[in-house]
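Asker: Handing you a structure now.
The values are calculated or read from the model by the stated rules, or taken from the named source; none is laboratory data. What you see is a predicted model, and the numbers here were worked out from it, not measured in a lab. Cβ: placed from backbone, ideal geometry, glycine included. Neighbour counts: every protein chain shown. Accessible surface areas use protein heavy atoms only, side chains included; no ligands, DNA or RNA. Shrake-Rupley method; radii C 1.70, N 1.55, O 1.52, S 1.80 Å.
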Amino acid sequence: MQPIFRIYADLVEITGAIRDRLLELVVTDEAGIQSDELKLTLDDRRREDGAIAELPRIGTVLTVSLGYAETRLVSLGRFIVDEVEIRSPPATLTVSAKAADMVGPFRSPKTRSWDATTLGQLAETIAAEHRYQAKIDPELGAIAIPHLDQTAESDMALLTRLAAKHDAVAKPVAGFLVLAKQGSIKTITGQVMPTITLRSSDLAEWRYRHSARKPGGSGTTSNHDTQKPPTTATGGTKAYWWDFEKGERREVTTGSPPFEEIRYVHATEAEAKAAAATRKNTGERRQGELSFSLPGDPRLAAEGRLSLSLRPGIPTDWRIKRVEHRLGSQGYTAQVECERFTASAVPVTDNPAEHNA
(Lines give C-alpha, C1' and ligand atoms only; values in the text may rest on other atoms or scores of the structure.)
Protein backbone atom coordinates (compact mmCIF):
# COMPACT_ATOMS: atom_id res chain seq x y z
CA MET A 1 0.00 0.00 0.00
CA GLN A 2 1.17 3.51 -0.82
CA PRO A 3 1.21 6.01 2.10
CA ILE A 4 -0.03 9.50 1.27
CA PHE A 5 -0.45 12.75 3.21
CA ARG A 6 -2.15 16.10 2.81
CA ILE A 7 -1.23 19.37 4.51
CA TYR A 8 -2.98 22.74 4.52
CA ALA A 9 -1.38 25.95 5.80
CA ASP A 10 -4.04 28.47 6.83
CA LEU A 11 -6.56 26.69 4.52
CA VAL A 12 -4.18 26.70 1.53
CA GLU A 13 -2.98 23.25 0.44
CA ILE A 14 0.82 22.96 0.43
CA THR A 15 1.12 19.19 -0.13
CA GLY A 16 2.61 19.54 -3.60
CA ALA A 17 5.04 22.26 -2.53
CA ILE A 18 6.69 20.11 0.15
CA ARG A 19 6.15 16.57 -1.14
CA ASP A 20 9.62 16.21 -2.69
CA ARG A 21 11.27 17.97 0.27
CA LEU A 22 9.63 15.96 3.05
CA LEU A 23 12.10 13.88 5.04
CA GLU A 24 9.83 13.01 7.95
CA LEU A 25 6.37 13.80 9.27
CA VAL A 26 5.56 12.89 12.90
CA VAL A 27 2.20 13.39 14.63
CA THR A 28 1.99 12.54 18.34
CA ASP A 29 -1.53 12.02 19.70
CA GLU A 30 -1.76 12.12 23.50
CA ALA A 31 -4.59 11.16 25.84
CA GLY A 32 -5.75 13.66 28.43
CA ILE A 33 -4.62 17.26 28.64
CA GLN A 34 -1.22 16.61 27.07
CA SER A 35 -0.84 18.69 23.93
CA ASP A 36 -0.75 16.82 20.63
CA GLU A 37 2.26 17.69 18.48
CA LEU A 38 3.33 17.83 14.85
CA LYS A 39 6.92 17.83 13.57
CA LEU A 40 7.86 18.27 9.91
CA THR A 41 11.45 17.81 8.75
CA LEU A 42 12.23 19.10 5.27
CA ASP A 43 15.25 19.03 2.95
CA ASP A 44 16.52 22.63 3.00
CA ARG A 45 19.15 22.32 0.27
CA ARG A 46 19.05 24.82 -2.57
CA ARG A 47 17.82 23.24 -5.78
CA GLU A 48 19.36 23.58 -9.24
CA ASP A 49 16.78 26.21 -10.13
CA GLY A 50 17.82 28.20 -7.06
CA ALA A 51 14.65 27.39 -5.15
CA ILE A 52 14.88 26.97 -1.40
CA ALA A 53 12.21 25.96 1.10
CA GLU A 54 10.11 28.89 2.27
CA LEU A 55 10.28 29.61 5.98
CA PRO A 56 6.88 29.06 7.63
CA ARG A 57 5.52 31.81 9.85
CA ILE A 58 5.09 31.29 13.58
CA GLY A 59 1.36 31.02 14.22
CA THR A 60 0.53 29.35 10.91
CA VAL A 61 -2.25 26.77 11.31
CA LEU A 62 -1.35 23.42 9.72
CA THR A 63 -4.04 20.81 9.06
CA VAL A 64 -2.65 17.30 8.53
CA SER A 65 -4.16 14.10 7.13
CA LEU A 66 -2.52 10.68 6.70
CA GLY A 67 -3.58 7.46 5.01
CA TYR A 68 -3.09 5.28 1.97
CA ALA A 69 -3.81 5.79 -1.71
CA GLU A 70 -5.71 2.49 -1.74
CA THR A 71 -8.04 3.48 1.12
CA ARG A 72 -8.55 7.04 2.36
CA LEU A 73 -7.01 9.95 4.22
CA VAL A 74 -7.82 10.51 7.90
CA SER A 75 -7.48 13.93 9.52
CA LEU A 76 -5.02 13.92 12.43
CA GLY A 77 -5.81 17.43 13.60
CA ARG A 78 -4.95 21.13 13.42
CA PHE A 79 -1.65 22.47 14.72
CA ILE A 80 -0.17 25.95 15.25
CA VAL A 81 3.49 26.45 14.30
CA ASP A 82 5.45 27.52 17.38
CA GLU A 83 9.06 26.70 16.48
CA VAL A 84 11.29 26.58 13.39
CA GLU A 85 14.80 25.11 13.41
CA ILE A 86 17.34 25.24 10.55
CA ARG A 87 20.45 23.05 10.58
CA SER A 88 23.39 22.30 8.31
CA PRO A 89 24.97 19.99 7.33
CA PRO A 90 22.87 18.34 6.20
CA ALA A 91 20.64 21.27 5.35
CA THR A 92 17.31 20.61 7.05
CA LEU A 93 14.35 22.70 8.12
CA THR A 94 12.28 21.40 11.07
CA VAL A 95 8.85 22.82 11.84
CA SER A 96 7.27 22.08 15.23
CA ALA A 97 3.63 22.77 16.04
CA LYS A 98 1.20 22.26 18.94
CA ALA A 99 -2.45 21.28 18.79
CA ALA A 100 -4.41 24.38 17.80
CA ASP A 101 -6.91 23.96 20.64
CA MET A 102 -4.22 23.84 23.33
CA VAL A 103 -2.61 27.26 22.94
CA GLY A 104 -3.52 30.85 23.69
CA PRO A 105 -5.64 32.28 26.56
CA PHE A 106 -6.70 28.79 27.69
CA ARG A 107 -3.21 28.49 29.25
CA SER A 108 -3.13 32.00 30.77
CA PRO A 109 -3.31 32.30 34.61
CA LYS A 110 -6.49 33.67 36.20
CA THR A 111 -7.60 34.47 39.73
CA ARG A 112 -11.29 34.18 40.63
CA SER A 113 -13.72 32.25 42.84
CA TRP A 114 -16.55 29.87 41.97
CA ASP A 115 -19.53 29.58 44.32
CA ALA A 116 -22.67 27.39 44.45
CA THR A 117 -22.09 25.80 41.07
CA THR A 118 -21.50 22.40 39.52
CA LEU A 119 -18.61 20.95 37.56
CA GLY A 120 -20.78 21.05 34.45
CA GLN A 121 -21.70 24.72 34.86
CA LEU A 122 -18.07 25.60 35.53
CA ALA A 123 -16.92 23.78 32.40
CA GLU A 124 -19.67 25.37 30.29
CA THR A 125 -18.67 28.84 31.49
CA ILE A 126 -15.03 28.26 30.62
CA ALA A 127 -15.99 26.76 27.26
CA ALA A 128 -18.05 29.84 26.39
CA GLU A 129 -15.24 32.19 27.42
CA HIS A 130 -12.88 30.47 24.98
CA ARG A 131 -15.49 29.95 22.23
CA TYR A 132 -15.61 26.19 22.60
CA GLN A 133 -18.75 24.07 22.50
CA ALA A 134 -19.01 22.10 25.75
CA LYS A 135 -19.41 18.29 25.64
CA ILE A 136 -19.86 17.10 29.22
CA ASP A 137 -20.63 13.70 30.72
CA PRO A 138 -23.96 14.16 32.60
CA GLU A 139 -22.76 12.42 35.78
CA LEU A 140 -19.61 14.51 35.93
CA GLY A 141 -21.55 17.65 35.14
CA ALA A 142 -23.84 17.11 38.15
CA ILE A 143 -20.99 17.13 40.69
CA ALA A 144 -21.61 19.98 43.15
CA ILE A 145 -18.95 22.64 43.77
CA PRO A 146 -20.01 24.72 46.83
CA HIS A 147 -16.87 26.92 46.67
CA LEU A 148 -13.63 26.85 44.69
CA ASP A 149 -10.75 29.32 44.43
CA GLN A 150 -8.86 29.65 41.16
CA THR A 151 -5.66 31.45 42.16
CA ALA A 152 -3.13 32.32 39.44
CA GLU A 153 -4.24 29.16 37.66
CA SER A 154 -5.11 28.80 33.98
CA ASP A 155 -8.52 27.50 32.96
CA MET A 156 -6.77 24.48 31.43
CA ALA A 157 -4.94 23.71 34.68
CA LEU A 158 -8.14 24.16 36.71
CA LEU A 159 -10.16 21.78 34.56
CA THR A 160 -7.30 19.27 34.51
CA ARG A 161 -7.14 19.34 38.32
CA LEU A 162 -10.88 18.92 38.74
CA ALA A 163 -11.10 16.16 36.13
CA ALA A 164 -8.24 14.23 37.75
CA LYS A 165 -10.10 14.25 41.09
CA HIS A 166 -12.98 12.39 39.46
CA ASP A 167 -11.08 9.94 37.24
CA ALA A 168 -11.96 12.00 34.19
CA VAL A 169 -10.28 13.86 31.36
CA ALA A 170 -10.80 17.44 30.22
CA LYS A 171 -9.45 18.47 26.84
CA PRO A 172 -10.25 20.92 24.04
CA VAL A 173 -10.56 19.07 20.72
CA ALA A 174 -11.60 20.44 17.33
CA GLY A 175 -13.59 23.34 18.76
CA PHE A 176 -15.16 21.29 21.57
CA LEU A 177 -14.28 21.33 25.27
CA VAL A 178 -14.71 17.72 26.36
CA LEU A 179 -15.19 16.56 29.94
CA ALA A 180 -15.53 12.77 30.03
CA LYS A 181 -14.71 9.76 32.18
CA GLN A 182 -11.43 7.98 31.62
CA GLY A 183 -11.89 5.21 29.08
CA SER A 184 -15.44 6.30 28.23
CA ILE A 185 -14.66 5.49 24.56
CA LYS A 186 -16.96 8.21 23.22
CA THR A 187 -16.20 10.68 20.49
CA ILE A 188 -16.68 14.42 20.93
CA THR A 189 -20.11 14.04 19.32
CA GLY A 190 -21.21 11.59 22.00
CA GLN A 191 -21.19 8.58 19.71
CA VAL A 192 -19.53 5.38 20.92
CA MET A 193 -16.15 4.95 19.26
CA PRO A 194 -15.77 1.64 17.41
CA THR A 195 -13.37 -0.82 18.97
CA ILE A 196 -10.39 -1.39 16.69
CA THR A 197 -9.51 -5.07 16.44
CA LEU A 198 -5.92 -6.08 15.67
CA ARG A 199 -4.17 -9.44 15.41
CA SER A 200 -0.71 -10.30 16.67
CA SER A 201 0.35 -10.77 13.04
CA ASP A 202 -0.48 -7.09 12.42
CA LEU A 203 2.26 -5.99 14.82
CA ALA A 204 5.94 -5.55 14.04
CA GLU A 205 6.91 -5.93 17.71
CA TRP A 206 5.19 -5.66 21.08
CA ARG A 207 5.88 -5.53 24.82
CA TYR A 208 3.49 -6.30 27.69
CA ARG A 209 4.13 -5.55 31.37
CA HIS A 210 2.00 -6.53 34.36
CA SER A 211 2.59 -5.11 37.82
CA ALA A 212 0.71 -5.58 41.09
CA ARG A 213 2.04 -2.24 42.33
CA LYS A 214 -0.36 0.66 42.58
CA PRO A 215 0.58 4.13 41.34
CA GLY A 216 2.90 6.10 43.61
CA GLY A 217 1.89 8.84 45.97
CA SER A 218 1.23 9.30 49.65
CA GLY A 219 -0.12 6.19 51.25
CA THR A 220 0.76 2.56 51.68
CA THR A 221 0.05 -0.59 49.78
CA SER A 222 0.77 -4.18 50.65
CA ASN A 223 -0.06 -6.81 48.14
CA HIS A 224 2.40 -9.48 47.04
CA ASP A 225 0.02 -12.25 46.03
CA THR A 226 1.78 -13.48 42.92
CA GLN A 227 -0.55 -16.46 42.54
CA LYS A 228 -3.38 -14.39 41.10
CA PRO A 229 -3.65 -14.08 37.32
CA PRO A 230 -2.51 -10.83 35.69
CA THR A 231 -6.05 -9.77 34.82
CA THR A 232 -7.24 -9.87 38.45
CA ALA A 233 -7.08 -6.60 40.39
CA THR A 234 -6.24 -6.99 44.07
CA GLY A 235 -6.69 -4.67 47.03
CA GLY A 236 -8.83 -1.59 47.60
CA THR A 237 -8.37 2.02 48.61
CA LYS A 238 -9.15 3.88 51.82
CA ALA A 239 -9.70 7.65 52.06
CA TYR A 240 -10.57 10.00 54.91
CA TRP A 241 -12.87 12.98 55.35
CA TRP A 242 -13.62 15.37 58.19
CA ASP A 243 -17.12 15.25 59.66
CA PHE A 244 -17.64 18.79 60.97
CA GLU A 245 -20.94 17.93 62.67
CA LYS A 246 -19.35 15.18 64.77
CA GLY A 247 -15.90 16.77 64.92
CA GLU A 248 -14.08 13.61 63.89
CA ARG A 249 -12.17 12.04 61.06
CA ARG A 250 -14.12 9.36 59.17
CA GLU A 251 -13.14 6.93 56.46
CA VAL A 252 -14.54 5.45 53.26
CA THR A 253 -13.28 2.42 51.41
CA THR A 254 -13.64 0.95 47.95
CA GLY A 255 -12.71 -2.60 47.01
CA SER A 256 -11.53 -5.20 49.48
CA PRO A 257 -8.44 -5.54 51.73
CA PRO A 258 -5.55 -4.95 51.67
CA PHE A 259 -6.20 -1.21 51.35
CA GLU A 260 -3.98 1.48 49.94
CA GLU A 261 -4.36 4.48 52.22
CA ILE A 262 -4.80 8.06 51.02
CA ARG A 263 -3.62 10.02 54.05
CA TYR A 264 -4.93 13.43 52.95
CA VAL A 265 -8.14 14.34 54.85
CA HIS A 266 -10.86 15.53 52.46
CA ALA A 267 -13.47 18.17 53.24
CA THR A 268 -16.52 16.04 52.45
CA GLU A 269 -17.54 12.40 52.20
CA ALA A 270 -18.24 12.82 48.49
CA GLU A 271 -14.68 14.08 47.87
CA ALA A 272 -13.22 11.18 49.83
CA LYS A 273 -15.28 8.65 47.86
CA ALA A 274 -14.19 10.21 44.56
CA ALA A 275 -10.54 10.16 45.61
CA ALA A 276 -10.71 6.51 46.68
CA ALA A 277 -12.45 5.42 43.49
CA THR A 278 -10.09 7.43 41.30
CA ARG A 279 -7.01 5.95 42.97
CA LYS A 280 -8.33 2.40 42.64
CA ASN A 281 -9.37 2.83 39.00
CA THR A 282 -6.02 4.35 38.09
CA GLY A 283 -4.18 1.55 39.86
CA GLU A 284 -6.13 -1.16 38.05
CA ARG A 285 -5.53 0.44 34.65
CA ARG A 286 -1.80 0.70 35.31
CA GLN A 287 -1.48 -2.92 36.38
CA GLY A 288 -1.29 -3.80 32.70
CA GLU A 289 0.67 -1.81 30.10
CA LEU A 290 1.14 -2.65 26.44
CA SER A 291 3.26 -0.99 23.76
CA PHE A 292 3.71 -2.04 20.16
CA SER A 293 4.70 -0.86 16.70
CA LEU A 294 3.02 -1.67 13.41
CA PRO A 295 2.57 -0.38 9.86
CA GLY A 296 0.80 2.97 10.03
CA ASP A 297 -2.92 2.94 10.79
CA PRO A 298 -4.57 6.40 10.93
CA ARG A 299 -7.58 4.94 12.77
CA LEU A 300 -5.46 4.59 15.91
CA ALA A 301 -6.05 7.57 18.21
CA ALA A 302 -5.57 8.39 21.88
CA GLU A 303 -8.57 7.54 24.11
CA GLY A 304 -9.66 4.90 21.59
CA ARG A 305 -10.44 1.32 22.54
CA LEU A 306 -8.47 -1.60 21.18
CA SER A 307 -9.09 -5.36 21.10
CA LEU A 308 -5.95 -7.43 20.66
CA SER A 309 -5.32 -11.11 21.42
CA LEU A 310 -1.63 -11.88 21.94
CA ARG A 311 -1.44 -14.98 24.13
CA PRO A 312 -3.29 -16.62 27.07
CA GLY A 313 -2.83 -14.61 30.29
CA ILE A 314 -2.64 -11.21 28.57
CA PRO A 315 -5.75 -8.99 28.61
CA THR A 316 -7.44 -8.34 25.28
CA ASP A 317 -9.16 -5.00 25.97
CA TRP A 318 -7.03 -1.84 25.98
CA ARG A 319 -7.34 1.95 26.13
CA ILE A 320 -4.92 3.82 23.87
CA LYS A 321 -2.87 6.41 25.77
CA ARG A 322 -0.47 7.60 23.08
CA VAL A 323 0.05 7.14 19.34
CA GLU A 324 3.02 8.34 17.32
CA HIS A 325 2.35 8.40 13.57
CA ARG A 326 5.60 8.59 11.58
CA LEU A 327 5.94 9.00 7.81
CA GLY A 328 9.49 8.98 6.46
CA SER A 329 12.10 7.03 4.53
CA GLN A 330 10.96 3.80 6.22
CA GLY A 331 7.37 4.34 5.09
CA TYR A 332 4.40 4.95 7.38
CA THR A 333 4.66 3.39 10.86
CA ALA A 334 2.90 3.83 14.20
CA GLN A 335 4.08 3.38 17.78
CA VAL A 336 1.27 2.80 20.29
CA GLU A 337 1.10 2.83 24.11
CA CYS A 338 -1.91 1.39 25.94
CA GLU A 339 -3.23 0.72 29.42
CA ARG A 340 -5.83 -1.79 30.55
CA PHE A 341 -9.41 -0.97 29.73
CA THR A 342 -11.49 -1.63 32.85
CA ALA A 343 -15.14 -1.93 31.92
CA SER A 344 -16.21 -2.37 35.57
CA ALA A 345 -14.39 0.66 36.96
CA VAL A 346 -15.55 1.94 40.35
CA PRO A 347 -17.95 4.92 39.89
CA VAL A 348 -16.55 8.19 41.22
CA THR A 349 -19.86 10.06 41.50
CA ASP A 350 -22.91 9.51 43.66
CA ASN A 351 -26.51 10.21 42.74
CA PRO A 352 -26.88 13.94 43.48
CA ALA A 353 -30.40 13.34 44.73
CA GLU A 354 -29.03 11.31 47.62
CA HIS A 355 -27.13 14.35 48.91
CA ASN A 356 -30.13 16.63 48.61
CA ALA A 357 -32.56 14.33 50.38
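Asker: Let me make sure I get this right: for the range 7-46, a, b and c are the square roots of the gyration tensor eigenvalues over alpha carbons, sorted descending. Under 1.5 in a/c it's rounded, otherwise prolate if a/b > b/c, else oblate. Which is it?
Answerer: It comes out oblate by the Cα gyration axes.
Asker: Could you go through the range 307-321 in sequence order and give the Karplus-derived ³J(HN,Hα) for each residue, using 6.51 cos²θ - 1.76 cosθ + 1.60 with θ = phi - 60°, rounded to whole Hz, and x for Gly and Pro?
Answerer: Once rounded to whole Hz, the list reads 10, 8, 9, 9, 6, x, x, 9, x, 9, 9, 9, 10, 7, 9.
Asker: Could you order Met156, Met1 so the one with the most accessible surface comes first? Probe is 1.4 Å. Show your work: numbers first, answer last.
Answerer: On the way: Met156 25, Met1 150 Å².
Putting Met156, Met1 in descending order of accessible area: Met1, Met156.
Asker: Tell me, what HN-Hα J-couplings in whole Hz come from the Karplus equation 6.51 cos²θ - 1.76 cosθ + 1.60 at θ = phi - 60° for each residue of the range 241-254, using x for Gly and Pro?
Answerer: 9, 9, 8, 5, 5, 9, x, 8, 7, 10, 10, 10, 10, 9
Asker: As a test question: what accessible area, to the nearest 10 Å², does Tyr208 have when a 1.4 Å probe is rolled over all protein chains in place?
Answerer: Only protein atoms counted, so the area is about 50 Å².
Asker: For the range 1-156, build the charge dipole from Cβ charges (+1 Lys, Arg; -1 Asp, Glu) around the Cα centre, then report which of Leu62, His130, Pro89 sits farthest towards its positive end.
Answerer: Pro89
Asker: Hey, can you grab everything whose amide H is under 5 Å from the amide H of Ala142? Only 5+ residues off in sequence or another chain; H modelled, so Pro and N-termini drop out.
Answerer: Placed amide hydrogens put Gly120 under 5 Å from Ala142.
Asker: Hey, another quick one. Can you list the HN-Hα couplings for the range 121-137, worked out from phi with the Karplus curve (6.51, -1.76, 1.60; θ = phi - 60°), rounded to whole Hz and with x for Gly and Pro?
Answerer: Each residue of the range 121-137 in turn: 5, 4, 5, 5, 5, 5, 4, 5, 4, 9, 6, 9, 9, 6, 10, 10, 4 Hz.
Asker: To the nearest 10 Å², what's Asp43's accessible area with a 1.4 Å probe?
Answerer: Counting only protein heavy atoms, Asp43 exposes about 20 Å² to solvent.
Asker: Using a cut-off of 13 Å between alpha-carbon atoms, which aspartates and glutamates can reach Lys181, once sequence neighbours fewer than 8 places away in the same chain are excluded?
Answerer: Here the aspartates and glutamates satisfying the reach criterion relative to Lys181 are Asp137, Glu139, Asp167, Glu303.
Asker: Now for a different question. Give me, ordered by chain and number, the residues 5 or more places off Ile4 or on other chains with an amide H under 5 Å from its own placed amide H.
Answerer: Gly67, Tyr68, Ala69
Asker: Can you list the residues, at least 5 places off or on another chain, whose amide H is less than 5 Å from the amide H of Phe259, using H built in the peptide plane?
Answerer: Residues meeting the amide H criterion: Gly236.
Asker: Here is a further query. By per-residue mean of other Cβ atoms within 10 Å, what is the highest-first order of 59-70, 290-301, 144-155?
Answerer: Packing proxy ranking, top to bottom: 290-301, 59-70, 144-155.
Asker: Report the gain in length on full extension from Leu148 to Met1: 0.36 nm times residue separation, minus Cα-Cα distance, nm rounded to one decimal.
Answerer: 47.5 nm
Asker: Could you rank Thr118, Thr316 by how accessible they are, 1.4 Å probe, largest area first?
Answerer: Sorted by accessible area, descending: Thr316, Thr118.
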